[in-house]
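What follows is a single structure, written as structure tokens, with notes after it.
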Amino acid sequence: MGFQKLSLKGRALKLLAAREHSRSELEKKLASHEEVPGELAQALDELQAKGFISEQRVVESVLHRRAARLGAGRVKQELQAKGISAEVMADAIDALRSTEMERAREVWRKKFGEPAADAAGRAKQMRFLAARGFGADAIRRVVSGADDD
């Protein structure tokens, strides 16, 4: 008995075993393995119907892994890149925005720990937080030291 080629469903399950993937991600990763048109869509339909593919779990996975270090803007970009629907994404981003200030302050504290000595230092700290997708208001308040506990 030789090695049998892995089916599309088998390949998808192997990817899903490693981490949560959106349907869009699986389509991109498996498109080159599709031999019969429609075969991939059918396999993914079956996996989705059985609950193996879940947008909500993908969102929860991204939030769990990234929210502590990234602002709502960057997390939203990641979810868009994964092909998450606007409705599912909107709830997650709203929840993130409610904790944006605290998360920005914690990221700032870990990286810098103290207010910048001059305007150039403040600009550097602001760019650092902006690159991580935090909102302008949260950045300004954290770097200026406003609302310190």
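Every number here is computed from the coordinates shown, using simple stated rules; none is lab data. Everything quoted here is computed from the prediction, not taken from an experiment. FYI the Cβ positions are ideal-geometry reconstructions off the backbone, even for glycines, and counts take in every protein chain you see.
Within the straight-line cut-off of under 17 Å between alpha carbons, the aspartates and glutamates reachable from Lys5 are Glu34, Glu35, Glu39, sequence neighbours fewer than 8 places apart in one chain being disregarded.
Mean projected area of the convex hull spanned by the Cα atoms of the stretch 100-144, taken over all viewing directions: 2.6 nm². Stokes-Einstein diffusion of the stretch 54-98 at 4 °C, 1.567 mPa s viscosity, Kirkwood radius from Cα pairs, rounded to a whole number: 128 µm²/s. Normalised by the number of residues in the stretch 54-98, the average gap of Cα pairs under 8 Å and 6 or more apart makes the relative contact order 48 percent. Remark: the stretch 54-98 carries a charge dipole of roughly 300 debye about the Cα centre, counting +1 on each Lys and Arg Cβ and -1 on each Asp and Glu Cβ. Peptides 109-118, 133-142, 84-93 ranked from most to least packed give 133-142, 84-93, 109-118, packing being the mean of other C-beta atoms within 10 angstrom over each peptide's residues. The stretch 10-37 and the stretch 94-147 have their alpha-carbon centroids 38 Å apart.
Each of Pro115, Leu63, Gly133 was scored by the projection of its Cα onto the charge dipole of the chain, and the greatest displacement toward the positive side belongs to Pro115; charges sit on the C-beta of Lys, Arg, Asp and Glu.
For the stretch 46-108, the list of trypsin sites (Lys or Arg not before Pro) that fall in a loop by DSSP and count at most 14 other C-beta atoms within 10 angstrom reads Lys50, Arg69. Mean sequence separation of contacting Cα pairs (under 8 Å, at least six apart), scaled by the length of the chain, corresponds to a relative contact order of 22 percent. Taking volume of the Cα convex hull per residue in Å³ as calculated from this structure, the corresponding entry among (i) 168; (ii) 149; (iii) 132 is (ii). Here is the link list: Lys14/Lys50; Lys14/Lys76; Lys82/Lys110; Lys82/Lys124; Lys28/Lys50. Which ones come out longer than 23 Å on Cα distance? Too far apart for the 23 Å limit: Lys14/Lys76; Lys82/Lys110; Lys82/Lys124. Overall, the stretch 13-149 carries a charge dipole of about 760 debye about its Cα centre when +1 sits on the Cβ of Lys and Arg and -1 on the Cβ of Asp and Glu, all other atoms neutral. Compute log10 of I(q)/I(0) for the stretch 1-58 with the Debye formula, placing one identical point scatterer on every Cα and leaving out solvent, at q = 0.18, 0.19, 0.25 Å⁻¹, to two decimals. Cα-only, vacuum Debye calculation for the stretch 1-58: -0.57, -0.63, -1.03.
Would you work out the relative contact order for the stretch 1-64, in percent, from Cα pairs under 8 angstrom that are 6 or more residues apart?
Reported as a whole number, the value is 41 percent.
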